[in-house]
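Bear in mind that the values in this text are calculations on the coordinates, not laboratory data. The structure presented is a predicted model; accordingly, all values stated were derived computationally and were not measured. Cβ placement follows ideal geometry from the backbone for every residue including glycine, while neighbour counts extend to all protein chains displayed.
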Amino acid sequence: MKNINIGLAKLGILNKLNESGFDHNLIEESNDSFLNYMKVIRKSPILQLEFKIYSDIEDKHIKNDILIKEYIDKHIELFEIYSLKEIQAERAKLKPFISENIDDDSDKVKLYNAIDMLITESLKVGNEVDVDGAHEAFTLVFNHIKTPKKSSLTEDVDVETMDEQVIEIAVDKFNEKYSNLAEDDGELLKTLINATPKEKEDLLETYKTETLTILETVGDEDDKAKMVKAVQKIKEMVFNGKTVDDNIISLHGFKKELL
């Protein structure tokens, strides 16, 4: 079974976002995955710490060998307050975000697994420690930090900053799908992007009730057949994660036409 760590989960999420850029049918799924990923991290101090350490090491460049060793040691030591069992329990929450098609030979995956190895082995004792594995992992991380980076990313990355970036990406993707909506519908898009599945289900029921109430007070005899058909269609709407956004937006537009 593949390793489970914050680096592989992030890679899986970013791959989904990239795929959604070429296939609009994947936009909603990738947005939901990205936001759920961030919610999991924000609720876990262990995963927040792991996220910071992975980001720090991935983006860092140091020339001096002694300083590189100190940098790695200090970061790995931050996990000493937790047990391996606690860390593994939190990492298990990331499993849904890790792709089955990850390239184990890619440089990123090797780096993420090496950091994983250093953290894991640092919490073992005695004969449990994989000395050779830990040494190979340290060497890989050491060489990564010593190698100049082609592009310099912000070193002080934190979960809040990433969360804002996630929201921006999600809004852009959503706007691509629903580009025909008016500017004053932007708040509805933001609501849908940030809403949990349960909140979307509640919102759908609210829109259904409001729209049906309006339909009861508008129209004349000539419109009766059309209204009956509309009422029936609305009543048949049920919550479905793949269609709920479209249904809510349709009801929103229909309400505006009726008022």
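Want the number for D246 to K39: 0.36 nm per residue separation, take away the alpha-carbon distance, what's left? Show your work: numbers first, answer last.
Numbers: separation 207, 0.36 × 207 = 74.52 nm, distance 2.36 nm.
Gain in length upon complete extension: 72.2 nm.
Each of K60, K255, K233 was scored by other Cβ atoms within 10 Å of its Cβ. Listed from fewest to most, they are K233, K255, K60.
Past the 29 Å Cα-Cα mark, which pairs from K43/K108; K108/K198; K200/K256? Before the final figure, lay out each step's value.
Values: K43/K108 26 Å; K108/K198 35 Å; K200/K256 20 Å.
Where the Cα-Cα span goes over 29 Å, the pairs concerned are K108/K198.
By the count of other C-beta atoms within 10 Å, a proxy for reagent exposure, H144, H135, H252 are ordered fewest to most as H135, H252, H144.
If you place +1 on the Cβ of every Lys and Arg and -1 on the Cβ of every Asp and Glu, how big does the dipole about the Cα centre of segment 6-146 come out, in debye to the nearest 20?
On the way: 18 positive and 27 negative charges, 107 e Å.
Result for segment 6-146 is approximately 520 debye, rounded to the nearest 20.
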